[in-house]
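Q: Quick one: the structure is below, questions incoming.
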Amino acid sequence: MKTYEKPIAAMIIEPIQAEGGDNHASPYYFKSIRKIAKENDITFIVDEVQTGMGATGKFWAHEHWNLETPPDIVTFAKKMQACGFYHNHEYRSQQPFRNFNTWMGDPIRALQLDETIKYIKDNHLVENTRITGEYLLKGLRTIEGEHQIIQNSRTLGTFAAFDLPNAQLRDKLIQIVKNNGVLIYMCGEKSIRLRPMLVFQPKHCHILLDILDKSVSELEKSM
């Protein structure tokens, strides 16, 4: 039977697989798949909807990879105050109005984003997430060492998560932490994720870690 190769138009990559459980990969992994995409003429798209705008300690999470050639297309939303994408020169449309929709964007959102980025730069908030993320990871691993029920603490900036042995214990801990005054949320099969704002600092992190430590102790006593 004769077979035909099916060309791949594009690959879409999340820097951190967020909804799936905050799954991380190494810069080497991303460099390797970027190289494969380049060699095979595959459009390399990075989905920065959740990771963009400073949460990982870089403005864009893909900056951590030190790619030899940048992504072909980067998508953004959420913290950016508007949804959109940017791309390299090769993907510029050759005809007018090929990238077109009914509203053609919202100038108010663009002005709002401009002021937001200015505030982030003036107050060094990307650097703040890097510093606070280091403090947060250290604190999570301290709790992990004292309570074996907490596992696999991981952060990139303040984009953070940890695991529990199963979904049932995870869900119980979320409720206990909520009762103690902090909102956290689940992701994946058994993970809890933390998504603090860019202004979250070590002094706030200290409060979070104290409440988390207390809540884990309460969970263990109820088992």
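Q: Calculate, axis by axis, the spread of Cα positions in the chain along the three principal axes, and write the results as whole Å, longest axis first.
A: So the three principal-axis extents are 65, 57, 33 Å.
Q: Separate question: Leaving out same-chain residues fewer than 8 places away, which lysines sit with a Cα under 21 Å from that of K118?
A: Reachable lysines: K58, K78, K79.
Q: Most mobile of Q151, Q95, Q81 per a Gaussian network model of the chain (Cα springs, under 10 Å)?
A: Q95
Q: Can I ask one more? Going by the alpha-carbon gyration tensor, a ≥ b ≥ c the square roots of its eigenvalues, is the range 150-223 rounded (a/c under 1.5) or, if a/c is not under 1.5, prolate (a/b greater than b/c) versus oblate? Don't skip to the end; give the middle numbers.
A: Details: a/c = 1.97, a/b = 1.31, b/c = 1.50.
Taking the square roots of the gyration eigenvalues as a ≥ b ≥ c, the range 150-223 is oblate.
Q: Hey, what angle do you get for helix 202-222 against the long axis of the chain, alpha-carbon based, 0 to 90 degrees rounded to 10?
A: In the chain, helix 202-222 runs at an angle near 60 degrees to the longest axis.
Q: Between E90 and Q168, what is 0.36 nm times their sequence separation minus the Cα-Cα distance? Round to one decimal in nm.
A: Working: separation 78, 0.36 × 78 = 28.08 nm, distance 4.90 nm.
Residue separation times 0.36 nm, minus the Cα-Cα distance, leaves 23.2 nm.
Q: Here is a further query. What is the magnitude of the charge dipole of the chain about its Cα centre, with +1 placed on the Cβ of each Lys and Arg, -1 on the Cβ of each Asp and Glu, and no other charges, expressed in debye to the nearest 20?
A: On the way: 27 positive and 27 negative charges, 21 e Å.
About 100 debye.
Q: Which aspartates and glutamates, on any chain, are close to K221 with Cα under 19 Å apart, when same-chain ones fewer than 8 places away are left out?
A: Those aspartates and glutamates meeting the cut-off are E144, E146, D163, D171, D210, D213.
Q: Sorting L111, L209 on the 10 Å Cβ count, fewest up front, what's the list? Can you show the working numbers first?
A: Working: L111 11, L209 18.
Ranking L111, L209 by Cβ neighbours within 10 Å, fewest first, gives L111, L209.
Q: Another one. To the nearest 10 degrees, how steeply does helix 27-39 sit against the main Cα axis of the chain, on a 0 to 90 scale?
A: Orientation of helix 27-39: about 20 degrees from the principal axis.
Q: Here's another thing I want to ask about it. So between D41 and Q201, what do we pick up on full extension, going 0.36 nm a residue minus the alpha carbon distance?
A: On the way: separation 160, 0.36 × 160 = 57.60 nm, distance 4.26 nm.
The D41-Q201 span can extend by a further 53.3 nm.
Q: Still on this model: Compute the helix-to-body angle for 107-122: its Cα long axis versus the longest principal axis of the chain, expressed 0 to 90° and rounded to tens.
A: Between helix and principal axis, roughly 60 degrees.
Q: A follow-up question, please. Count the DSSP beta bridges whose two residues both fall in the chain, then state the antiparallel fraction as a percent rounded to the nearest 5.
A: Values: 16 of 23 bridges.
Of those bridges, close to 70 percent are antiparallel.
Q: Run the numbers for C83 and I33: contour at 0.36 nm per residue of separation, minus the present Cα-Cα distance, in nm. Walk me through the intermediate numbers first.
A: Details: separation 50, 0.36 × 50 = 18.00 nm, distance 2.55 nm.
Here the answer is 15.5 nm.
Q: Another question, if that's okay. Using amide H atoms built 1.01 Å from N in the peptide plane, name the residues 5+ places from A160, or on other chains, whose amide H lies under 5 Å from its own.
A: L194
Q: For the range 125-222, what's the relative contact order in percent, using C-alpha pairs closer than 8 Å and at least 6 residues apart?
A: Numbers: 141 pairs, mean separation 30.2, N = 98.
Relative contact order, the range 125-222: 31 percent.
Q: Here's something else I'd like to know. Rounded if a/c is under 1.5, else prolate if a/b is larger than b/c, else oblate: which is the range 10-122, with a ≥ b ≥ c the root eigenvalues of its Cα gyration tensor? Mind showing how you got there, number by number?
A: Values: a/c = 1.98, a/b = 1.19, b/c = 1.66.
Note, shape of the range 10-122 comes out oblate.
Since every read-out is calculated from the coordinates, none of them should be taken as a lab result. These figures come from a predicted structure and were not determined experimentally. Please note: Cβ atoms are built from the backbone with ideal geometry, for glycine as well, and neighbour counts cover all protein chains shown.
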